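What follows is a set of notes on a single structure, which appears directly below.
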Amino acid sequence: MHTFPRSILRPRRLTRADFLPFGDVIDAGDTGRTPIAINGGTCLRHDSLALVETDPAGHAALSLFFAHEPVSLPLVIEVMERHPLGSQAFMPLNRCRFIVVVGPAEDPRPRPENLQAFISDGRQGVSYRRGTWHLPLTVLDTGHLLVVDRKGPGCNLGEHVFEPGTGPLLLPQDL
Ligand SMILES: NC(=O)N[C@@H](O)C(=O)O
Ligand code: NI
């Protein structure tokens, strides 16, 4: 039986600059901009940290996810997905670290050599740009997350299941 070299991914710390090709990082401490003082100076608005994308027939919706099956690393990635009709944002509501593995939307299927891996520190959220390949929500801690994505007519899900034994191996961050 052929055994293909399994690609190895080493997750990096999540930063706005590194994640930019795949979408936006939602992190008040890493916006690159000065917050706007609003409401008589009683509040700071970190404005437009991510743009919500939908097709004309769709609309943006807010959901709450309760992720209660945390994983540990190393992890074999078995499936990745994408949403061709809109963006998808995940924002932890409590300190819930989660895994971010992304690939370019231009690839017809996730190419292991083009995948990049990050770990949210539990304060940071991400917004996957429309069509970006991503690992479905996979948390390192049980937690609640606000999710903003596109709802509406048509199929907004593309999935890729890696052949058994070929999925990329995601190593612990400190290795
Ligand atoms: N299924 C669902 O609502 N979420 C996925 O798209 C995901 O990326 O976790
Ligand atoms: Ni998704």
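Output yes when any residue across segment 110-121 is touching a Leu at 6+ places or on another chain (Cβ under 6 Å) and either over 19 Å from V79 (Cβ atoms) or more than 16 Å from ligand 1 (Cβ to nearest atom) (or both), and no when none is. Yes: segment 110-121 contains one or more residues that are touching a Leu at 6+ places or on another chain (Cβ under 6 Å) and either over 19 Å from V79 (Cβ atoms) or more than 16 Å from ligand 1 (Cβ to nearest atom) (or both).
I'd like the residue in segment 152-175 that is loosely packed, with under 15 Cβ neighbours inside 10 Å and either of a type in the set (S, T, N, Q) or within 10 Å of ligand 1 (Cβ to nearest atom) (or both) and, out of all such residues, is nearest to V101 (Cα to Cα). Taking the candidates together, the pick is E159.
Being closer than 28 Å to H83 by Cα, in contact (Cβ under 8 Å) with a residue 12 or more places away in the chain and out of contact with any Cys (no Cβ under 9 Å at 6 or more places or on another chain) is a description that does not apply to R33.
The single condition among (1) open to solvent by 20 Å² or more (accessible area, probe 1.4 Å); (2) within 14 Å of A67 (Cβ to Cβ); (3) over 15 Å from the mean Cα position of the chain (by Cα) that G143 does not meet is (1). Counting only strands (runs of 3 or more DSSP E) that sit completely within segment 62-175, those holding 3 or more residues that are within 16 Å of ligand 2 (Cβ to nearest atom) and farther than 26 Å from R6 by Cα correspond to 88-92, 125-128, 143-151.
Checked against the criteria, A50 does not count as outside any loop (DSSP other than H, G, I, E, B), modelled with pLDDT of 95 or more and either over 16 Å from S120 (Cβ atoms) or open to solvent by less than 60 Å² (accessible area, probe 1.4 Å) (or both). Checking each residue in segment 119-136 for being within 18 Å of Q173 (Cβ to Cβ) and open to solvent by 30 Å² or more (accessible area, probe 1.4 Å) picks out D121, R123.
So that you can scan it fast, the table gives a plain yes or no per residue for (1) on the phi > 0 side of the Ramachandran plot; (2) over 18 Å from the mean Cα position of the chain (by Cα); (3) of a type in the set (D, E):
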position	(1), (2), (3)
T15	no, no, no
G41	yes, yes, no
E78	no, no, yes
F98	no, no, no
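Looking only at segment 27-45, count every residue that is part of a loop (DSSP other than H, G, I, E, B) and either closer than 15 Å to T15 by Cβ or open to solvent by 70 Å² or more (accessible area, probe 1.4 Å) (or both) and tell me the total. Matching residues across segment 27-45 total 11.
The values are calculated or read from the model by the stated rules, or taken from the named source; none is laboratory data. This is a predicted model, so every value here is computed, not measured. Cβ coordinates were reconstructed from backbone atoms using ideal geometry, including for glycine residues, and neighbour counts include every protein chain displayed. Note: areas computed on protein heavy atoms with side chains; ligands, DNA, RNA excluded. Shrake-Rupley method; radii C 1.70, N 1.55, O 1.52, S 1.80 Å.
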